[in-house]
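The values are calculated or read from the model by the stated rules, or taken from the named source; none is laboratory data. Keep in mind that this is a model prediction, so the values were computed, not measured. No Cβ is skipped: glycine too gets one built from the backbone with ideal geometry, and neighbour counts run over all protein chains shown. Areas reflect the complete protein model, heavy atoms only, side chains present, ligands, DNA and RNA absent. Shrake-Rupley method; radii C 1.70, N 1.55, O 1.52, S 1.80 Å.
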Amino acid sequence: MLHKVMKFNLNKIYFVQNVYQKCCYCATFSINNDIVTFFQQNLGLPENEVQRIFRKYPSFYNDSYSTLSDNFSLLTSFGFSKDDILKKIQILTLHSITIKNYAMLLEEGGFVKNKIDSKAILRFKFISKKSIQSLKNENFIQKHIDVGQHILSFIKFPIELYPKNCDESLSWNQVQKNTFKLYVGWKIKMDVENIKYAQTIYHRLYNKSYRLMDRSIDILLKEFNFSEEKIRRHSYLIHSDPDNTQAILDNFQNLCGMDVKLILSKHPKIILTPWKTIGQIRKHFEDFGIPESSLAKAPEIYTLGSNTIYERLCKLKETPELASFINNPQVARLIYYYTKVNSRLTYLQSKNCISLNLLVTNNFSFNRFNCNGNDKGKTNDIMIYLTKELGEDKKMLRTLLERHPYWQYISLLTIRKTYEFLKMKNVTKDQLCHCLQILLYPVDKIEDALVSTENMKNVSYLRNLSGSIKTKYLLPLVLYNLEKEYHFSGDGVWNTNEQTKKIPLSNSPIVTFDDTEELDHEPSTKLLG
């Protein structure tokens, strides 16, 4: 009685869960017209039948025309008929690699051709747990077949090393695992302990076609010149798809501005990324104006999903503090470590010392910086930005900025905002280079100083015919007006009096000047300081 009650409740829970899942899908997604077109063109289904399939299998909402089309082509290449696919239409929602491996592995494991159908693919894990004897009794495998030897016959495995006899009381899955140990022990000299560890960590090794494994290892050994020891260390490469690896080599001569084989050799995990995803990631960076060579600082970025990359790039561009690094050669590291970057950003904002290095560095280095109590920014970010924007020598720009006592405490965001503001005011790059310290001041103060400068009296000899301050004198006078009430101490860069008090230069009283003071000289168009 208890068993019946439990069974009823489980069925009820499953029913409610299934209804909830369908409601969620239907509330969130609508059927893509391209997918309806796929079912009509390839399977001859009317639209109302397609609607029924979507209601029954809501996972179709996550698919695209290209995915379904690729899976359909793959199934037909293995001899699956349209009728067979229609009987178990949900087979189209499986990953193409899964379909390929299951179909090939069943063939290698001795299954009769007409038994390898859509139902067998969908029930692969259940069927593989059956004993060899029961599979033979159900006519899945012919009586005379030795499963272990049959698997090895598909690859160039020495006949003298074949296992003697197959214990038919063992499950088909267990025989397949035993054969796997025998194969990799011969192919790449992998010992029992390493095999056990690899199978524990990388579960995909359990159900990998031997023909695909053999091709994958051969590509690694011959195309990339990997040693057997390197493959053993990166044992996940055994379950890589050789067709995908070859497609990467065929479609990309370079990655991250370097030879594709060199990058894949140094970062072998990229081999697992679908080649189409690699192309999409490259396109995203290209659309955001980030050169391919910038990815050399974080090639692992090609192990992420293309949608993830796109979302992170959008967030990067929308976040003012991070947008300043869009042209930084190490911008790819911001994208790759975005979760860490996001968690540190608010904290570094409060210290006014945001730098790319601090955002992405390891925890040890970050904690060391934090314990030092230092609130200086990493000036290299500023120099990279200014060098790119102004097109001037980095050493020369640094020398000019170093004349200001607090330049290392000014954020790149402040400098970028000021630069963009002055650019809108038609200030030339040459004028900025001659008065570079002005970039350290916040926009609101510069706006006030521009007004004060234009209203200065007794400087008629500095004005043009229209009465405006001549452009070559404008920035030096603005800088003069920014600092005069701070006795030219450099404290004018701070936004508030509290910040001024934070790093006092001296205890002397502040000397103020009246706007009507007459200059007894023409202001230098070179950098003041």
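Conditions tested, residue by residue: (1) under 25 Å from Leu413 (Cα atoms); (2) at pLDDT 95 or above; (3) not polar (S, T, N, Q).
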residue: Gly279; (1), (2), (3): no, yes, yes
residue: Ser293; (1), (2), (3): yes, no, no
residue: Ile309; (1), (2), (3): yes, yes, yes
residue: Asn327; (1), (2), (3): yes, no, no
residue: Ser355; (1), (2), (3): yes, no, no
residue: Asn362; (1), (2), (3): yes, no, no
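Within segment 118-143, the set of residues being part of a helix (DSSP H, G or I), among the hydrophobic types (A, V, I, L, M, F, W, C) and open to solvent by less than 30 Å² (accessible area, probe 1.4 Å) comprises Ala120, Ile121, Phe124, Ile127, Ile132, Leu135.
Here the helices (runs of 4 or more DSSP H) wholly within segment 387-483 that include at least 3 residues being of a type in the set (Ser, Thr, Tyr) and over 26 Å from Leu345 (Cβ atoms) are 471-483.
Of all residues in segment 103-117, those satisfying the criterion of being among the acidic types (Asp, Glu) and either touching a strand residue (DSSP E or B) at 6+ places or on another chain (Cβ under 6 Å) or assigned to a helix (DSSP H, G or I) (or both) are Glu107, Glu108. Of all residues in segment 207-262, those satisfying the criterion of being in a loop (DSSP other than H, G, I, E, B) and among the acidic types (Asp, Glu) are Glu223, Asp241. Filtered by the rule that a residue be open to solvent by less than 60 Å² (accessible area, probe 1.4 Å), out of contact with any Lys or Arg (no Cβ under 8 Å at 6 or more places or on another chain) and not small (Gly, Ala, Ser), segment 221-240 gives Leu221, Phe226, Lys230, Ile231, Leu237. Restricted to segment 275-357, the set of helices (runs of 4 or more DSSP H) holding at least 1 residues that are over 30 Å from Ile248 (Cα atoms) and among the acidic types (Asp, Glu) comprises 306-318, 320-323. Quick check on Gln17: is it modelled with pLDDT of 90 or more and either open to solvent by 70 Å² or more (accessible area, probe 1.4 Å) or within 27 Å of Lys115 (Cα to Cα) (or both)? Taking the combined requirement at face value, the residue does not satisfy it. Residues in segment 416-431 that are modelled with pLDDT of 90 or more and aliphatic (A, V, I, L, M): Leu422, Met424. Taking every residue in segment 275-288 that is surrounded by 18 or more Cβ atoms within 10 Å (Cβ to Cβ) and pairing it with any residue that is among the acidic types (Asp, Glu), at least 6 positions away or on another chain, the pairs with Cβ-Cβ distances below 8 Å are Arg282/Glu292; Phe285/Glu292. Can you find even one residue in segment 397-419 that is within 16 Å of Val478 (Cα to Cα) and surrounded by fewer than 18 Cβ atoms within 10 Å (Cβ to Cβ)? No; the residues of segment 397-419 include none that is within 16 Å of Val478 (Cα to Cα) and surrounded by fewer than 18 Cβ atoms within 10 Å (Cβ to Cβ). For Tyr183, the conditions (1) aromatic (Phe, Trp, Tyr); (2) buried (at least 17 other Cβ atoms within 10 Å of the Cβ); (3) more than 26 Å from Lys129 (Cβ to Cβ) all hold with the exception of (3).
One line per residue, one yes/no per condition, for (1) under 21 Å from Tyr210 (Cα atoms); (2) in contact with a Ser or Thr (Cβ under 8 Å, 6 or more places away or on another chain):
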residue	(1), (2)
Ile53	no, no
Phe60	no, yes
Phe72	no, no
Ile91	no, yes
Ile99	yes, no
Tyr102	yes, no
Lys129	yes, yes
Ile132	yes, yes
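Across segment 144-156, the qualifying residues are those that are open to solvent by less than 30 Å² (accessible area, probe 1.4 Å) and part of a loop (DSSP other than H, G, I, E, B), and the one among them that is nearest to Asn173 (Cα to Cα) is Ile145.
Suppose the filter is surrounded by fewer than 16 Cβ atoms within 10 Å (Cβ to Cβ) and not charged (D, E, K, R); does Asn101 pass it?
Working: surrounded by fewer than 16 Cβ atoms within 10 Å (Cβ to Cβ): no; not charged (D, E, K, R): yes.
Against the criterion (surrounded by fewer than 16 Cβ atoms within 10 Å (Cβ to Cβ) and not charged (D, E, K, R)), Asn101 does not qualify.
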